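Peer 1: First the structure, which I've put down as structure tokens, then a few questions once you've had a look.
Nothing in this text is a laboratory measurement; each read-out follows from the coordinates by a stated rule. In this text, all values refer to a predicted model and were calculated from it rather than measured experimentally. All Cβ positions, even for glycine, are placed from backbone atoms using ideal geometry, and neighbour counts span all protein chains on display.
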Amino acid sequence: MKYLFINTSTKKLVISIVVDNEIKYDYTDDNSSDLSSRIMPIIDEAFKSTNLKPEDIDTIFVTNGPGSFTGIRIGLTIAKVMAWGLKIKVVPISSLELMASVDSSKEYIAPLIDARRDYVFAGLYDKNLNQIVPDKHILLSEFKSLVKDKDVVYVSHDEFDFEVINNSYDILKVINKHINDEGVNPHTLNPNYLKLTEAEEKLKEK
Amino acid sequence: MDTYILAIESSCDETSLSIIKNGSEEISTVVLSQMDTHANYGGVVPEIASRMHIENITIVIEECLNKANMTMDDIDAIAITYGPGLIGSLLIGVMAAKTLAYIYNKPLVPVHHIAGHIYANNLVRPMEFPLMALVVSGGHTELVYMKEHYSFEVVGTTLDDAIGEAYDKVARVIGVKYPGGPNVDKLAHIGKDTYDLPLPLNDDTFNFSFSGIKSAVINLAHNEEQRGNTINKEDLACSFQNRVVDILTKKTMHALTEYGVKNLIVAGGVSANKGLREKLTYLCEKEGINLTIPEIKYCTDNAAMIGAAGYFAYKLGRRADLTLNAKATDRLN
Amino acid sequence: MEYKITTRSVEDTMEIAQNIESEKFPNMIICLDGELGSGKTVFTKGLANALGINEVITSPTFTIIKEYLYGEMPLYHMDVYRLDGNVDGVGIEEYFTKGGIVVIEWADTIKDILPKERLDIKIKVLDEDVRTLIIEPHGKAYEELCEVVL
């Protein structure tokens, strides 16, 4: 089976092609600028260097947030259109779960994405990527007290005033976890922002 | 051989797809407007617009192809609005277009949003050159001279606010609901021209300025309020509209004479303005100018116009590669 | 450190902008604040002029961002007033590292996403033509710039 993995939701861009249980192409970088220009040529390179065509892909795995709103939409638009056009199965993955795939000696992994104004996008996962605390948009202090009694390591690409690790993702671990997931209809494959827009929040308050 | 262009437009709050044959014949168009949503906020909220674009994009592509009873195999090239507009909104269309071009191996043709508005006229009847285009929209007010297809010479532009922006601000001051422009236009037709407002940038250039008249309306409203008087909305709308229509038409007619051009086309969202249409129709008839104004559905943002422009850009060999990005540049080319 | 400069005409304000332009560097961020009609756009026009941009600088209110790519260095002109603080998804931050000069009008409304290093300019209207420009550099590069040109 052939898989395309796309992550543009976090600050670590990932484009991978996996055939059976082997990574055939892996592109990762920590440069989130100019993503919209850079991403398609990287995908093109992924196919060229593996001698595959988009229509050869059996499943597209794509992170659908939370994270940078624009980033999420870039990867997801590609996945939506590709899955719709070529009738490929598409499986959305939480970007926090992808972050939780890092190698660690601790029992639990807490991925954090800075959401400004003392808020984070955060969740809690065990080593097998089982979700212990669902992904949420939450005050950092609140989240920390939620997990304080647990043997936990924080994973983040952002800076905090406590220790976080910033390791590489384990794409295979994530794919294997979701290999039997049902695909979603590309029309309904949408971002999981975990946060209303500020305009919507203000309107709700009224 | 016929050429079919699949066009995508997502620069503001409309997700639109269209298939256009030979740059002039509309095969199918789908426009998904978000106007009702943004009305709740009194204007377009960029992040909400982007969210709605991504939710709708594949649905609109599919519907457009189905409506035309065509598949991607029937398409010769993909035309895409790359700018100007709201970056986040443009980006959804640009990424979708690049992905379509990539997976179906089709040429990708970048189209400037304003070129699209101008080419909406080619869907009405073939454009005849040389021509002068009056571009009036929320973000633009320009006089563009074209001696042939895809040759754009901007001979006049606003020096500050665009006409549509002035309408929106005036609408807010006199308490008219979003969308402000069309509503002010409606009021203007009920009211009388009783308020003393200046004619904006009434000189011999082809440039425009609307910040002065906008301030004049704001000041007038404030002063009347302080005096405890209520303003007559209809009359103020009428006075404002008369002034801006006067200057737009005056400079346009002047440019036509100066450049010796007999063809005038009007483009952009504000070309739906009834006051402007009426006055231009009257003046052009009087002066023997060949006037084209697109139907209302082609005046607002739509992909049909991008498909029309895209056809000529395609024939000229204009192509974008996979690095194409959404741009917020005004320069028309 | 804060510099206070009084300008007595549109030309004075443009001259300050031109002087700042002469010490330009990539990813320079200039934040402008001041009431309607105080001269924020005048300042931007002066800067654009010095950059050799021959397009007319018009209001970016409608699309929030306008790009001018054909000068000595790209100019990104923003008016964030209409956002009312809703910066999500507009992509403003992307422009901070694009290698051009970024001018942000009404920058006060998006304070929490502004880079720490930047030049703040507040324009106060004293009377019809007279303005006080309060220029505050944040970060070494901007401090040096101010020392050279102000």
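Peer 1: Suppose R0 equals 56 Å; then what is the FRET efficiency for B:Gln226 and B:Glu148 from their Cβ-Cβ distance, rounded to the nearest 0.05?
Peer 2: 0.50
Peer 1: Additional query: Could you tell me the center-to-center distance, by alpha carbons, between segment A:87-156 and segment C:90-150 in angstrom?
Peer 2: 37
Peer 1: Could you list B:His189, B:His117, C:His138 so that the one with the fewest beta carbons within 10 Å of its beta carbon is first and the one with the most is last? The partial results should precede the final answer.
Peer 2: Working: B:His189 13, B:His117 30, C:His138 17.
Ordered from fewest to most neighbouring Cβ atoms within 10 Å, B:His189, B:His117, C:His138 come out as B:His189, C:His138, B:His117.
Peer 1: What percent does the relative contact order of segment B:115-166 come to when contacts are Cα pairs within less than 8 Å and at least six residues apart? Numbers along the way, then the final one.
Peer 2: On the way: 78 pairs, mean separation 15.8, N = 52.
So the answer I get is 30 percent.
Peer 1: Another question, if that's okay. Neighbouring Cβ atoms within 10 Å as the yardstick, rank C:Tyr95, A:Tyr27, B:Tyr119 fewest first. Provide the component values of the computation, followed by the final result.
Peer 2: Numbers: C:Tyr95 23, A:Tyr27 17, B:Tyr119 31.
Ascending Cβ contact count within 10 Å gives the list A:Tyr27, C:Tyr95, B:Tyr119.
Peer 1: Further question: Grab the beta carbon distance between A:Glu201 and B:Ile296, set R0 = 51 Å, and tell me the FRET efficiency rounded to 0.05.
Peer 2: Taking R0 as 51 Å, the efficiency between A:Glu201 and B:Ile296 is 0.90.
Peer 1: Here is a follow-up. Excluding the sites themselves, what is the longest stretch of chain B that contains no trypsin sites (Lys or Arg not before Pro) in a DSSP loop with at most 16 other C-beta atoms within 10 Å?
Peer 2: Working: sites that count: B:Lys147, B:Lys177, B:Lys192, B:Arg227, B:Lys262, B:Arg319, B:Arg331.
In chain B, the maximal stretch lacking such sites is B:1-146.
Peer 1: Now for a different question. Find the relative contact order for segment B:200-303 and round it to a whole percent, using C-alpha pairs within less than 8 Å whose residues are 6+ positions apart. Walk me through the intermediate numbers first.
Peer 2: On the way: 75 pairs, mean separation 25.4, N = 104.
Normalised by residue count, the contact order of segment B:200-303 is 24 percent.
Peer 1: With a 10 Å cut-off between alpha carbons and a GNM built on chain A, which of A:Ser94, A:Ser104, A:Ser156 moves the most?
Peer 2: With Cα springs under 10 Å in chain A, the top fluctuation among A:Ser94, A:Ser104, A:Ser156 is at A:Ser104.
Peer 1: Here's another thing I want to ask about it. Straight-line reach only, C-alpha to C-alpha below 13 angstrom: list the aspartates and glutamates that A:Lys144 could link to, leaving out same-chain residues fewer than 8 apart.
Peer 2: Straight-distance partners of A:Lys144: A:Asp118, A:Asp161, A:Glu163.
Peer 1: Normalise the Debye intensity by I(0) for segment C:3-149, one equal point scatterer per Cα, no solvent, then take log10 at q = 0.11, 0.12, 0.19 Å⁻¹ and round to two decimals.
Peer 2: Scattering profile of segment C:3-149, log10 relative to I(0): -0.36, -0.43, -1.19.
Peer 1: Here's another thing I want to ask about it. Give the residues of segment B:174-211 whose amide nitrogen is closer than 12 Å to a point set 7 Å from the Cα of B:Glu278 in the direction of its Cβ.
Peer 2: B:185-193
Peer 1: Would you mind computing, in nm to one decimal, how far apart the modelled labels at C:Ala141 and A:Ile179 are, each placed 7 Å from Cα along Cα→Cβ?
Peer 2: Distance between label points: 4.8 nm.
Peer 1: By the gyration tensor of its Cα atoms, with a ≥ b ≥ c the square roots of the eigenvalues, what is the shape of segment A:97-156: rounded for a/c under 1.5, prolate for a/b over b/c, or oblate? Walk me through the numbers before you get to the answer.
Peer 2: On the way: a/c = 1.91, a/b = 1.52, b/c = 1.26.
Here segment A:97-156 falls in the prolate category.
Peer 1: Can you give the FRET efficiency to the nearest 0.05 for A:Ile23 and C:Asp112, using r as the Cβ-Cβ distance and R₀ = 30 Å? Walk me through the numbers on the way to the answer.
Peer 2: Details: r = 39 Å, r/R0 = 1.29.
It comes to 0.20.
Peer 1: Let me ask something additional. Where nothing but the Cβ of Lys and Arg (+1) and of Asp and Glu (-1) is charged, how large is the charge dipole of segment C:3-149 around its Cα centre, in debye to the nearest 20? All intermediate terms of the calculation are to be shown ahead of the outcome.
Peer 2: Details: 15 positive and 27 negative charges, 11 e Å.
Dipole of segment C:3-149, to the nearest 20 debye: 60 debye.
Peer 1: Just going by the charge dipole of segment B:172-290, with Lys and Arg at +1 and Asp and Glu at -1 on Cβ, which of B:Ile218, B:Tyr178, B:Leu280 is farthest out on the positive end?
Peer 2: B:Tyr178
Peer 1: Cut-off is 10 Å between beta-carbons; in what order do B:Asp246, A:Asp58, A:Asp149 appear when sorted fewest neighbours first?
Peer 2: Details: B:Asp246 15, A:Asp58 12, A:Asp149 7.
In order of increasing Cβ crowding within 10 Å: A:Asp149, A:Asp58, B:Asp246.
Peer 1: Looking at segment A:97-156 only, what percent of DSSP beta bridges run antiparallel? Nearest 5 please. Walk me through the numbers on the way to the answer.
Peer 2: Working: 11 of 16 bridges.
Roughly 70 percent of the DSSP beta bridges within segment A:97-156 come out antiparallel.
Peer 1: Measuring from label point to label point, each 7 Å out along Cα→Cβ, what is the A:Asn128 to A:Lys2 span in nm?
Peer 2: Going from the A:Asn128 label point to the A:Lys2 one covers 3.2 nm.
Peer 1: How far apart, in nm, are two points set 7 Å out from the Cα along the Cα-to-Cβ line at A:Glu55 and at B:Lys286?
Peer 2: The answer from the label model is 6.2 nm.
Peer 1: Given the pairs B:Lys297/C:Lys45; B:Lys67/B:Lys106; B:Lys177/B:Lys297; A:Lys11/A:Lys136; B:Lys186/B:Lys279, which are separated by over 26 angstrom at their Cα positions? Provide the component values of the computation, followed by the final result.
Peer 2: Working: B:Lys297/C:Lys45 36 Å; B:Lys67/B:Lys106 21 Å; B:Lys177/B:Lys297 21 Å; A:Lys11/A:Lys136 18 Å; B:Lys186/B:Lys279 15 Å.
Table pairs above 26 Å Cα-Cα are B:Lys297/C:Lys45.
Peer 1: A further question follows. Chain A: Rg/Rh from Cα coordinates, Kirkwood Rh?
Peer 2: A ratio of 0.97.
Peer 1: While we're here: Figure the gain on full extension for B:Lys250 and B:Asp203 (residue separation times 0.36 nm, minus the Cα-Cα span) and round it to one decimal in nm. Don't jump to the answer; show the numbers that get you there.
Peer 2: On the way: separation 47, 0.36 × 47 = 16.92 nm, distance 1.01 nm.
Fully extending the segment from B:Lys250 to B:Asp203 adds 15.9 nm.
Peer 1: May I ask what percent, to the nearest 5, of DSSP beta bridges between residues of chain B are antiparallel?
Peer 2: On the way: 25 of 43 bridges.
Here the antiparallel bridges make up roughly 60 percent for chain B.
Peer 1: Kindly work out what percent of the DSSP beta bridges joining two residues of chain A are antiparallel, to the nearest 5.
Peer 2: Working: 24 of 39 bridges.
The answer is about 60 percent antiparallel.
Peer 1: Longer than 28 Å from Cα to Cα, which of A:Lys195/C:Lys116; A:Lys12/C:Lys122; A:Lys204/B:Lys274; A:Lys80/C:Lys111; A:Lys202/B:Lys192; A:Lys202/C:Lys111 are they? Say none if no pair is. List each step's numbers first, then the result.
Peer 2: Numbers: A:Lys195/C:Lys116 26 Å; A:Lys12/C:Lys122 37 Å; A:Lys204/B:Lys274 36 Å; A:Lys80/C:Lys111 35 Å; A:Lys202/B:Lys192 38 Å; A:Lys202/C:Lys111 19 Å.
Over 28 Å Cα-Cα: A:Lys12/C:Lys122; A:Lys204/B:Lys274; A:Lys80/C:Lys111; A:Lys202/B:Lys192.
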